Every structure is written in C-alpha cells, then in structure tokens.
Amino acid sequence: MSAFTAHRLRFEGRAETPILLADHQGAAIRGALFHALRGRPDRPGFCLCPARPHCRGCPSLAGCPVSFLLATVDDGGRRGGDVPRPYTVEPPLEAHGDYRPGDPFQFGLTVFARALSLFPYVVVAARRLEDEGIGRPIRDGRGLARPGRFRLERLVAANPLAGAEQVVLQRGDDLVSVPAVPVTHDLVLARAAALAARWPGAAGTLTLEFLSPTRLVEGGRLLRGPAFRPLVQRLFERLSSLWERYGGEELPIDFGDLLARAAGVRLVADATRWIAVRGYSTRQEAPKRLDGFAGRATYEGDLRPLLPWLIWGEVTHAGKDAVKGCGLYRIVEAGGLL
C-alpha cells in the first residue's frame, strides 16, 4: 500500500457579476488562489514574510503554508531549489473565459498526500476568492473596476476511480468536513487491470484525450505533437518528484525497462491541434506563453505495464506548467488489436 494519495476537490458555484478570464483559465485561477492566500497590501494573508518579493532564501520557509502550497522551494533539496507544487488546478473546460451573471462556474483542485494537512487554508482561499473576485477587472455601472465575483455553492471531494463523492462544504453551512475519498495506488491498479482485460493479447490500443494545452519538452525543445515516449518520460519525472516529496517514498518502477517499452509504442492516430495561449506568471509578474497541443491521440503496443502510471497522470497531469492546469488528459478508450 503506497503512502502517495490524491484528493480531488471540485468547486461548484455561479457567477454573480461578469467574470472575464484569460485565454488559459487555469493560470488565472492559480494566480487568484496565490493572492488569496499570500495576501495583498490592503488585506494581509498567511505569508510569514510578506515584504519579501519571493520565497527563495526566506528564513520562514519551513513553517509557511503559502510557500508549501503555492510557491514551493527547497534550498537544500537534492533536486534543486524548485520542487513540484503539491497540487494541480483543473481549469474550466469551456472554450471561452467569459461568464455572465447566473452562469455555472466550476473548477477543480487536486492536492497530494501530506498536503491535505493544509486543507483548511484551501477553504479560506475559496471564501476569499468569493470576496475578492477573480479574472480581469471589469467596470461596473458606477465606473468602478474590479474582478468578477462568483458565489461558491459547494465544495466536493470526488474520486472517479471509486465512483465516490463527498460534500465537504455546503453554502449556508459552517461545518467543513475533511476530504476522505482519496485516489490511492490500489484503486489505480484495479482500474489498470480492468483496462488491460480488454486486450486479449500483450498488445492493444489506447486513446488519450488531452483536455488542456500539453507542453512536452525534449532536448530543450517544445514538442508540437503527442509523441509517446517523451510523454511517458516527462510523466515519470513528475510522478517521481511528487511521490518522493509528498509520499515519502521512491516511485516503485524500473525506469529503464518502462522507457524501453514506451519506445516501442506507436502513435497510430493523431487528432491533436496546436493551441497558442497566454497566461500570467504570478511569481515572475509577467505574461507567459502556455502553448501546447490538445485533442485525441491513439497509441498501439505493449501498454499493460504503463497503464497504472498513465492513470496516475490523469490525476497529476503531464508536462510543463501542470500546476496551472496544463497537461490535463483522460483515457477515453482501450481495446485489443484485431
């Protein structure tokens, strides 16, 4: 039984005033969460050293919830100062970022393993987002410009592998429950076995749908298509870092063997397209390109030993800028070869 778990949270609400998000809605949501927790000059947050421009070198790193959740650094870490954040944003999947009053407004946040201990801060951030608003400032009838506001109706912990949901916060109810329906490695293995049962032999086909721009880098170059081996290698690197830092254990795989198997898997159908979008780096306080591919890709080969890690990738995302919602994909079809 692995100690690594994932807790998937779904924020369900409705727009109260017009909301206008950037092209990449995940980046806007991540930035709003950052400011809600770190605070602003007129509204202090939970940052222990708010006068510092960034977290690197901060003497209060060890006890700061903002650094742990949103601006994670480890000056003594063997992987370098920057470490993977213990969460990912699941952005709204609407093609637009324009919400009118009364429109449903929904997004997700997944926190990993021991990061669940800071769940109360997530609740506080959600309540602050309601008050402070989100997205680009829009002028109202009085000429005042402020971000759009939404009403949070409920916060739900969801586990799609177990088919379980738990309402942890309901509007009008002060009681908040701790999420208790985590995605576990045992559940991932069970789903992998169910998918593999569709293949009568060693080889089969698998279709992935990339729901948000996916950014794979190989040899310092951003790939413009869903090549399988780079996808798996970037996924293993991400899983290994998350597993070690937040689960307290090494990823239980033979990297060399699985990457060799991945090299034998062929891309047999590519219906992806390139999406050019811009986001914003809260840390760098500057616009940032978040271009990537999205759409469906079908692979063929000996996929059985890779299935558990591809399933975990549905939860952790794959590639660069996963924390902002990039690299979100799902498995939509598995079948045997004819």
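Computed from the coordinates by the stated procedures, all read-outs in this text should not be read as laboratory data. All of these numbers come straight from a predicted model, not from anything done at the bench. Backbone-built Cβ (ideal geometry, glycine too); neighbour counts: all protein chains shown.
Listed values for region 265-271 are Karplus-derived 3J(HN,Hα) couplings in whole Hz (6.51 cos²θ - 1.76 cosθ + 1.60, θ = phi - 60°), namely 8, 9, 7, 9, 8, 10, 10, and x replaces Gly and Pro. By definition, a body whose alpha carbon gyration tensor gives a ≥ b ≥ c is oblate when a/c is 1.5 or more and a/b is not larger than b/c, and region 6-170 fits this oblate description. Near the amide H of residue 333, within less than 5 Å, lie the amide hydrogens of 207, all on another chain or at least 5 residues away, with H placed in the peptide plane. Sorting 157-164, 255-262 by average packing, meaning the other beta carbons within 10 Å per residue, from highest down gives 157-164, 255-262. With θ taken as phi - 60° and the Karplus curve 6.51 cos²θ - 1.76 cosθ + 1.60 applied, the whole-hertz 3J(HN,Hα) list for region 246-263 is 10, x, x, 8, 7, 4, x, 9, 9, 4, x, 5, 5, 5, 5, 5, 4, 5 Hz, x standing for glycine and proline. The slack in the chain from residue 177 to residue 52, taken as 0.36 nm per residue of separation less the alpha-carbon distance, amounts to 41.6 nm.
With θ taken as phi - 60° and the Karplus curve 6.51 cos²θ - 1.76 cosθ + 1.60 applied, the whole-hertz 3J(HN,Hα) list for region 161-169 is 6, 9, x, 10, 9, 9, 6, 9, 8 Hz, x standing for glycine and proline.
If you take all other residues with their beta carbon under 9 Å from the beta carbon of residue 90, and give Lys and Arg +1 and Asp and Glu -1, the sum is +2.
Can you give the net charge of the other residues whose Cβ lies under 15 Å from the Cβ of residue 233, counting K and R as +1 and D and E as -1? Net charge around residue 233: +3.
Roughly how many whole Å is it from the C-alpha centroid of region 88-103 to that of region 186-251? Region 88-103 and region 186-251 have Cα centres spaced 26 Å from each other.
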